[in-house]
1. When DSSP assigns beta bridges and you keep just the ones with both residues in segment 328-446, what percent turn out antiparallel, to the nearest 5?
2. Relative to the compact globular guide of 2.2 N^0.38 Å, what is the alpha carbon radius of gyration of segment 69-441, as a ratio?
3. Quick one: Cα centre-to-centre distance for segment 237-265 and segment 156-220, in angstrom?
4. For residue 149 and residue 358, compute 0.36 nm times the residue count separating them, minus their Cα-Cα distance, and round to one decimal in nm.
5. Could you tell me how far the Cα centroid of segment 400-423 sits from the Cα centroid of segment 287-302, in Å?
6. Please order 108, 389 by the number of other Cβ within 10 Å, starting at the fewest.
7. Alpha carbon centre of segment 323-358 versus segment 97-134: separation in Å?
8. If contacts are Cα pairs under 8 angstrom and at least 6 residues apart, what is the relative contact order of segment 284-402 in percent?
């Protein structure tokens, strides 16, 4: 009995001990959880008390590096072909019988296309004289003043007709242009042959010009052997085949203007007579253009074709390993003329944008756009009520808006013809270059 009693008592004691231990365990675990919860609540309360306040001022954004550039625009018009009809239309007789020639109205159409440019240029296919019988390729000297009034700054005088009246005619032409405060490239009045260079917005632009020869198909070539300094010729055999391009001289000229500090080199080329009336460049044009760009020309402006030819933009890698955006305008057609063949009375002003990084000094061609011009000949349109003139150069875009508002000098037939010609020249030059299409932006770095 004692043995059994002892066992039962021990079991009771053990159960009581376990119950008390379990109670303590539950109590302490509860206290620990309670303290943990209190700690969490305290942390949250402290975090809430120290939360980031609303900003009292707008924070400054972090600057992102960007290219800051000054931009200048060079505008190039086509060929002003001196013909008798233009002089006749510009003739004004005063009450005392004095005859003068005022080209202001004839040339008015180009002003809007070049007035925002920093420098504007065109090619003159004529001589300018103070007196004489004005006919094909001989115009009154007052044409120079008309060009200046229209916003032209520089005239390329190197064409196949600049020597039609010999050295005397060339000198008189250059003097007339200079007298109207116009720069001249391609022809010279003394043996001090030099190339014009303009500095605009910190960019130095040099100008070169070459003509394939000294006469058109209507007359024999004129030798400049005794005055080789007066005109820049593209070929060495200009008296015969006119095929041997003087690349050695041209490359030397390019190197000369580069050494003189030119950042951009512009070159005018008056193409061969076998290129006339072709709306695509011939093989000889492409060969010359490719060589000039590779040698350092940045902008090439062609002339003498009488109709438009395409514009090309390309990145050219040169012999020294440098690259450059380059522009070739194979032909911008006739700025003014009396021609009436297909595509001869529509032209364009090509504007080339050049940018300079104000920090690094990098310079590149950044854009090209065109603006079409229409040469109106009122005799071409039946029923045209001419208000005292036969020829007028009009800005196609502006004149279209004037017509729609009822204030144009065009009648319906002329208006329709102008729109058709605009479509034609855009198809030839490249629709993407038209200002209404936004023009073409060139990438940099290349």
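No lab work stands behind these numbers, since they all come straight from the coordinates. Note that the coordinates shown come from a computational prediction; the quantities given were computed from them, not determined experimentally. Virtual Cβ from ideal backbone geometry, glycine too; neighbours counted across all protein chains shown.
1. The antiparallel fraction comes to roughly 95 percent.
2. 0.95
3. Cα centroid of segment 237-265 versus Cα centroid of segment 156-220: 15 Å apart.
4. 72.0 nm
5. Cα centroid of segment 287-302 versus Cα centroid of segment 400-423: 37 Å apart.
6. So the ranking, lowest neighbour count to highest, is 389, 108.
7. Spelled out, the Cα-based centre of one part sits 18 Å from the other.
8. So the answer I get is 18 percent.
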